[in-house]
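The values are calculated or read from the model by the stated rules, or taken from the named source; none is laboratory data. What you see is a predicted model; the values in this text were computed from it and never measured. Cβ placement follows ideal geometry from the backbone for every residue including glycine, while neighbour counts extend to all protein chains displayed.
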Amino acid sequence: MIHQRIRRFNTRDTYPEQKLDNDLCQVVKARGTMVFVRGQVGQDLATGASVAIGDAGAQADRAMLNIALLLAEAGASVHHICRITIYITDPRYREAAYRTIGKHLKGDAKASPSAGDKAVGQNRRVPKGCGQFARPRRQVGSPML
């Protein structure tokens, strides 16, 4: 198996009000050396419920906790993140979001595009996309390709 897909789901279950039928997942571990994380928002992964509506800092915190959990499930951590992309709905939320994200990533310099912020959707104040990929730690008996 070249790719491992973690936390699979189908959009017909996630968005029942829409006529969708796409198989997706939260994480793809490719060839055991690269981890791609689906964009995360202030949402409880277990229930799908939005959290901290209207609070950019708390939404960023939840997104980062989600990312840390998903990376751990793939055998990696936030210290392995190479690049982040942050989307906010309004520049006024930047400080709260960036401060929170910075606390989670402290000490590890990441590549991050400096282009303008992009809209992420209703009730969302912050990130849909911190930690796009990471290199997991090597597992015994698993070659780094």
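Quick notes on this structure:
- In region 8-102, counting only strands (runs of 3 or more DSSP E) that sit wholly within it, the ones holding 2 or more residues that are modelled with pLDDT of 90 or more and under 18 Å from Ser112 (Cβ atoms) span 34-37.
- Residue tally, condition over 18 Å from Thr85 (Cβ atoms) and out of contact with any helix residue (DSSP H, G or I) (no Cβ under 8 Å at 6 or more places or on another chain), over region 31-52: 7
- Which listed residue is on the phi > 0 side of the Ramachandran plot and of a type outside the set (S, T, N, Q), from Gly57, Gly102, Gly75: Gly75
- Search result, residues across region 42-70 that are among the β-branched types (Val, Ile, Thr) and surrounded by 23 or more Cβ atoms within 10 Å (Cβ to Cβ): Ile67
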